[in-house]
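Read the figures in this text as sums done on the coordinates, not as results from a lab. Keep in mind that this is a model prediction, so the values were computed, not measured. Glycine also receives a Cβ, built like all others from the backbone with ideal geometry; neighbour counts cover every protein chain displayed.
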Ligand SMILES: [Zn+2]
C-alpha cells in the first residue's frame with residue numbers, strides 16, 4: 001500500500017528495504033565436472049548445460 005513519504009519514518013523505510021535486499025547470486029557447482037559456476041548458465045569449465053554438451057571448450061591451458 002502506498003503511503004505518502006512524510007508519514008514513513010527513516011527507520012520504517014530502512015527496515016522494509018533490508019527485508020527485500022538482494023543478497024547476490026547463489027554459488028553452485030557444475031553437475032558434470034563439479035567446477036564452481038553460475039546457476040542457469042553454461043559451465044565455462046566443461047561446456048555442459050542441463051546434462052548436454054553445449055560448448056566445445058579448447059583445452060589450451062592443460063597443453064601449455
Ligand atoms: Zn562443468
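Run the numbers for residue 19 and residue 58: contour at 0.36 nm per residue of separation, minus the present Cα-Cα distance, in nm.
Stretched fully, the residue 19-residue 58 segment lengthens by 9.7 nm.
Once both axes come from the Cα atoms, what is the angle between helix 10-19 and the longest principal axis of the chain, in degrees from 0 to 90, rounded to 10?
The helix 10-19 is inclined about 30 degrees to the chain.
Pop out the Kirkwood hydrodynamic radius of the chain from its pairwise C-alpha distances, inverse of mean 1/r, in Å to one decimal.
15.6 Å
So how do 29, 56 line up by other beta-carbon neighbours within 10 Å, fewest first?
Placing the least packed residue first, the sequence is 56, 29.
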